[in-house]
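Report on one structure; see the data block that follows.
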Amino acid sequence: DLLVNELAERAGVSAHTVRYYTRVGLLTPRRDPANGYQHYRDDDVGRLRFIQRAKHLGFTLAEIEAILQDANEGASPCPRVREIIRQRIDENRRKLDELAALQTRMEQALSQWEDMPDGVPDGHCVCHLIESLPE
């Protein structure tokens with residue numbers, strides 16, 4: 001049996017992380033009725049490392065919970081894992097395209113503003129630089 005700090009040290013995470021994953025149900029320790037301490041199994045080290053790897057790939061804790069549930073039920077989680085990653089790749093591509101477009105707009109605005117004087121708000125205009133841009 002491992003206590004919180006022992007598990008955290010073996011898995012290379014903080015005790016706070018172990019407690020949080022326990023609170024949300026990703027880890028299920030046995031509680032000692034005599035002192036209330038949570039006791040983790042040796043295989044929780046591997047489970048905790050799995051959670052960290054999945055998080056590093058961008059999986060949410062809810063998705064990790066579903067993957068672990070598949071595995072606990074004896075079903076292969078691999079189809080779910082592939083589908084989630086495919087969706088993330090598509091989402092990331094959209095976000096990257098949006099960021100590239102934003103970067104272009106920002107660079108064009110800065111270029112346009114280079115020769116414009118600073119202005120002072122006059123009740124009709126807040127910042128003439130931003131207001132000079134087309135909508």
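The values are calculated or read from the model by the stated rules, or taken from the named source; none is laboratory data. Just so it is clear, the structure is predicted and the values come from calculations on it, not from any experiment. Here the Cβ is made from the backbone with ideal geometry for all residues, glycine too, and neighbour counts use every protein chain on show. For the accessible areas, the whole protein counts, side chains as well, though only heavy atoms, and no ligand, DNA or RNA atoms are used. Shrake-Rupley method; radii C 1.70, N 1.55, O 1.52, S 1.80 Å.
Residue selection: residue 98 satisfies the criterion of being among the charged types (D, E, K, R), over 29 Å from residue 26 (Cβ atoms) and under 27 Å from the mean Cα position of the chain (by Cα). Might you check whether a residue that is of a type in the set (D, E, K, R) and surrounded by 11 or more Cβ atoms within 10 Å (Cβ to Cβ) occurs anywhere in region 109-129? No: region 109-129 contains no residue that is of a type in the set (D, E, K, R) and surrounded by 11 or more Cβ atoms within 10 Å (Cβ to Cβ).
On the stretch given as region 1-52, residues that are touching a strand residue (DSSP E or B) at 6+ places or on another chain (Cβ under 8 Å) and either under 23 Å from residue 63 (Cα atoms) or open to solvent by 90 Å² or more (accessible area, probe 1.4 Å) (or both) total 15. The number of residues in region 69-86 being of a type in the set (Asp, Glu), exposed (fewer than 11 other Cβ atoms within 10 Å of the Cβ) and more than 18 Å from the chain's Cα centre (by Cα) comes to 1.
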